[in-house]
Amino acid sequence: EIIEKKDQIRNMVEIFAFGALFMIAVYYLGLFFMKKSEMSFLVFALFSLTIAVRVLFTGKYLYSYFFTNLLWEWVLKIELLTVCISAMLLVKLVRNIYSNNISIKLSYIWYVWSTLYILIGIFFPVYWIASIMKIYNISQIIIGFVVMFKIFGYFDRKRKTEAYFFMVGFLILLAACL
């Protein structure tokens with residue numbers, strides 16, 4: 001009975017996380033449609049939607065309530081692909097917000113790198129993806145540090161406190177990825 005209760009709580013947390021992320025995506029899509037010149041709204045909406053899909057395909061596998069006949073191989077592919085897509089969208093979002101500090105060449109290199117992994121994920125077997133995913137994860141950490149230091153350089157001396165809070169938050173997020 002205790003195990004069932006913990007299981008129900010975990011399901012509720014995942015359903016809440018999915019719903020919250022989905023609503024954030026819808027909200028930012030609405031903002032984008034009202035102000036189409038702000039591409040960061042669209043990118044953040046797609047990022048939130050990608051993370052919402054990831055919540056469905058990890059943990060308690062909530063997808064099984066919606067897609068009962070989905071092959072296990074595709075579940076793993078979707079789970080791994082959301083990592084690549086979300087990382088690519090996050091770099092795009094940071095590039096949209098801090099365009100003067102993030103090199104366009106660096107962004108394009110990351111987009112090509114992520115697209116390569118996405119294509120491998122779509123067209124190759126799961127064991128291939130899983131075996132090379134470590135390389136992608138290491139590259140995520142490297143690009144994370146590069147982006148973090150580029151953004152840190154954005155803050156001037158008057159906004160030093162904001163820069164430190166940003167750095168601590170980003171380091172915690174990066175540590176969670178490890």
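The lone criterion from (1) under 15 Å from the mean Cα position of the chain (by Cα); (2) open to solvent by less than 50 Å² (accessible area, probe 1.4 Å) left unmet by residue 85 is number (2). Of all residue pairs spaced 6 or more apart or on separate chains, those with beta-carbon atoms under 9 Å, a first member in segment 158-173 that is closer than 19 Å to residue 137 by Cα and a second member that is open to solvent by less than 100 Å² (accessible area, probe 1.4 Å) and at pLDDT 75 or above are 170/144; 170/147; 170/148; 171/148; 173/144. Looking at residue 78, is it in contact with a Cys (Cβ under 7 Å, 6 or more places away or on another chain), within 27 Å of residue 23 (Cα to Cα), open to solvent by less than 60 Å² (accessible area, probe 1.4 Å) and among the aliphatic types (A, V, I, L, M)? No: the conditions fail for residue 78.
Against the list (1) open to solvent by less than 80 Å² (accessible area, probe 1.4 Å); (2) among the hydroxyl-bearing types (Ser, Thr, Tyr); (3) more than 15 Å from the chain's Cα centre (by Cα), the condition residue 127 fails is (1). The residues of segment 88-102 that are in a helix (DSSP H, G or I) and either in contact (Cβ under 8 Å) with a residue 24 or more places away in the chain or exposed (fewer than 14 other Cβ atoms within 10 Å of the Cβ) (or both), listed by number, are 88, 89, 90, 91, 92, 93, 94, 96, 97. Condition first: outside any helix (DSSP H, G or I), polar (S, T, N, Q) and more than 19 Å from residue 42 (Cα to Cα). Can you find one or more residues in segment 103-112 that meet it? Yes - at least one qualifying residue is present in segment 103-112. Selection of segment 1-45 for residues being among the charged types (D, E, K, R), surrounded by 12 or more Cβ atoms within 10 Å (Cβ to Cβ) and over 14 Å from residue 62 (Cβ atoms) yields only 38.
Here residue 68 passes the criteria (1) open to solvent by 50 Å² or more (accessible area, probe 1.4 Å); (2) outside any helix (DSSP H, G or I); (3) closer than 26 Å to residue 141 by Cα except the one numbered (3). Residues of segment 38-59 that are at positive phi and part of a helix (DSSP H, G or I): none at all. For residue 62, the conditions (1) without any contact (Cβ under 8 Å) to a residue 40 or more places away in the chain; (2) open to solvent by less than 20 Å² (accessible area, probe 1.4 Å) are fulfilled apart from (1).
The values are calculated or read from the model by the stated rules, or taken from the named source; none is laboratory data. None of the values given here were measured: they were computed from a predicted structure. FYI the Cβ positions are ideal-geometry reconstructions off the backbone, even for glycines, and counts take in every protein chain you see. Ligands, DNA and RNA are excluded from the accessible area calculation, which covers all protein heavy atoms including side chains. Shrake-Rupley method; radii C 1.70, N 1.55, O 1.52, S 1.80 Å.
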